[in-house]
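Q: Got a structure for you, questions after.
The values are calculated or read from the model by the stated rules, or taken from the named source; none is laboratory data. None of the values given here were measured: they were computed from a predicted structure. Note: ideal-geometry Cβ built from the backbone for every residue, glycine included; neighbour counts use all protein chains shown.
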Amino acid sequence: MITLFDRKDSGQDDELVSTSSGTAQLSVAAVENAFVEGVYEKLASVYDLAFGPTLQPGRVRAIREMAIQPGERVLEVGVGTGINLSLYPKSCSITGIDFSCSMLEKARDRVARMGIRSLRLLQMDAADLKFADDSFDIVYAPYLISVVPDPVKVACEMRRVCRPGGRIIFLNHFLSPNPLVSRVERLISPFTVHIGFKADLDLPGFLSQTELQPVSIEKVNVPRIWSLVTCVKD
Ligand SMILES: C[S@@+](CC[C@H](N)C(=O)[O-])C[C@H]1O[C@@H](n2cnc3c(N)ncnc32)[C@H](O)[C@@H]1O
């Protein structure tokens, strides 16, 4: 289901100046879990082809920059077809969650093909993680946060299950700070939800509502319109 509401441009170029700080309005497109699930059930068979190579540089860079240490516990939220799984070092323990049966089935096929060990794949809603507090060293959401109905709730869950001093990492496209580009992104967002994501998620507004403090924000992929956002849990 999609609804629209008015948004005003801030006119600011600085990406860290919020356009909707303190409000719940992070995107003009609103979706529900059932809608998103339906989209990914349909996308599963073509996902790797459609979103594999173009988004791969960001995936590779994110995991390289994590510098994961032996034995570290990593949670990938929205593991999808498991396209990241071969990128993790063998010495860490990976848990991947997703709520789409079809995407998880692809991930399970991939794990069997590649003989990946130290791995758990679980069906779960990112907004309601079934893990105890402080369970992971790294909680990573690649290309997920603009997909879910309530990004703030998901980020709070990610923070909860991350240990103090651990990292919460988002790899995602966010609303451009350029007023012209952001206008286009808001216009197309009600349509891009049908191919799996909102084009206009407001990063500063999102961060301020989650109370997460990023330690770095880097541009990735070509064109450089995706961001790798790393936060540390206090
Ligand atoms: C764009 S794909 C990202 C897949 C993969 N992480 C990647 O790097 O390409 C988003 C994934 O998030 C999953 N997803 C969406 N909403 C979710 C939710 N609320 N809980 C768990 N998974 C969700 C979708 O089923 C889909 O597999």
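Q: Right, SER146: under 26 Å from LYS219 (Cα atoms), polar (S, T, N, Q) and in contact with a Lys or Arg (Cβ under 9 Å, 6 or more places away or on another chain) or not? First the steps, then the outcome.
A: Working: under 26 Å from LYS219 (Cα atoms): yes; polar (S, T, N, Q): yes; in contact with a Lys or Arg (Cβ under 9 Å, 6 or more places away or on another chain): yes.
In short, yes.
Q: Another one. When only residues in segment 77-101 that are near the ligand (Cβ under 8 Å from one of its atoms) and outside any loop (DSSP other than H, G, I, E, B) count, which is surrounded by the most Cβ atoms within 10 Å (Cβ to Cβ)?
A: Result: VAL77.
Q: While we're on this one: Among the residues of segment 142-163, is there at least one that is more than 17 Å from the chain's Cα centre (by Cα), at pLDDT 95 or above and farther than 18 Å from LEU207 by Cβ? Outline the logic, then answer.
A: So the first thing to find is which residues in segment 142-163 are more than 17 Å from the chain's Cα centre (by Cα), and the list is 163.
When the remaining residues are screened for being at pLDDT 95 or above, the result is 163.
From what's left, farther than 18 Å from LEU207 by Cβ: 163.
Yes: one or more hits.
Q: While we're here: Quick one: count up the residues across segment 141-161 that are in contact with a helix residue (DSSP H, G or I) (Cβ under 7 Å, 6 or more places away or on another chain) and within 11 Å of the ligand (Cβ to nearest atom).
A: Counting residues in segment 141-161 that are in contact with a helix residue (DSSP H, G or I) (Cβ under 7 Å, 6 or more places away or on another chain) and within 11 Å of the ligand (Cβ to nearest atom) gives 8.
A quick yes/no check of all residues on (1) free of Cβ contacts under 8 Å to residues at least 60 places away in the same chain; (2) touching a Ser or Thr at 6+ places or on another chain (Cβ under 6 Å); (3) surrounded by 22 or more Cβ atoms within 10 Å (Cβ to Cβ):
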| site | (1), (2), (3) |
| --- | --- |
| ASP134 | yes, no, no |
| ILE138 | no, no, yes |
| PRO142 | no, no, yes |
| LYS153 | yes, no, no |
| ARG159 | no, no, no |
| LEU171 | no, no, yes |
| VAL184 | yes, no, no |
| GLN209 | no, no, no |
| ILE217 | no, yes, no |
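Q: For segment 166-175, state whether one or more residues are over 23 Å from ARG61 (Cα atoms) and either among the acidic types (Asp, Glu) or out of contact with any His (no Cβ under 9 Å at 6 or more places or on another chain) (or both).
A: If we filter segment 166-175 for residues that are over 23 Å from ARG61 (Cα atoms), which is where we start, we get none.
Within segment 166-175, not a single residue is over 23 Å from ARG61 (Cα atoms) and either among the acidic types (Asp, Glu) or out of contact with any His (no Cβ under 9 Å at 6 or more places or on another chain) (or both).
Q: Still on this structure: Quick one: in segment 103-128, which of the residues that are closer than 18 Å to PHE51 by Cα and surrounded by 17 or more Cβ atoms within 10 Å (Cβ to Cβ) is farthest from the ligand (Cβ to nearest atom)?
A: ARG110
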